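First up is the structure itself, then whatever we jot down about it.
Rule-based calculations on the coordinates, nothing more; no lab input. Note that the structure is predicted; figures quoted are calculated from it, not measured. Positions of Cβ are generated from backbone atoms using ideal geometry, with glycine treated the same way; all protein chains shown enter the neighbour counts.
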Amino acid sequence: MADDKPDDKPDDKPDIARLVDEAAKAIGLAIAPEYRANVILNYERSLAIARSLLEVDLDDELTPGPVFRP
């Protein structure tokens, strides 16, 4: 089957609308129809911000910084 995608490679663009709908259903959150488009837009924006942060390659041996105490 030449058209099958490998199991370890996700789609290029997730279905954000479906993700929002399923996540809202999972936690029992009703999203009013007039707000749904903006919820999806904000989720897409959050995903874009998170994607650039998640692409940073961190060293496994990093030491956390000290706790700031004023």
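Of the listed peptides 31-37, 59-65, what is their order by residue-averaged count of other C-beta atoms within 10 Å, with the highest listed first?
In descending order of packing, they fall as 31-37, 59-65.
Could you please state, rounded to a whole Å, how far the C-alpha centre of the stretch 36-65 is from the C-alpha centre of the stretch 20-34?
Spelled out, the Cα-based centre of one part sits 22 Å from the other.
Using θ = phi - 60° and the Karplus relation 6.51 cos²θ - 1.76 cosθ + 1.60, list the HN-Hα couplings for the stretch 40-52 in order, rounded to whole Hz, with x at every Gly or Pro.
4, 4, 5, 5, 4, 5, 4, 4, 5, 5, 5, 4, 5
Once you place label points 7 Å from the Cα toward the Cβ at residue 56 and residue 31, how far apart are they in nm?
Computed distance between label sites residue 56 and residue 31 equals 2.8 nm.
From the phi of every residue in the stretch 20-28, what ³J(HN,Hα) in whole Hz does the Karplus formula 6.51 cos²θ - 1.76 cosθ + 1.60 yield, where θ is phi - 60° and glycine or proline is x?
Values per residue, Gly and Pro as x: 4, 4, 5, 5, 4, 5, 5, 9, x Hz.
What distance in nm separates the simple spin-label points at residue 41 and residue 69, each placed 7 Å from Cα in the Cβ direction?
4.6
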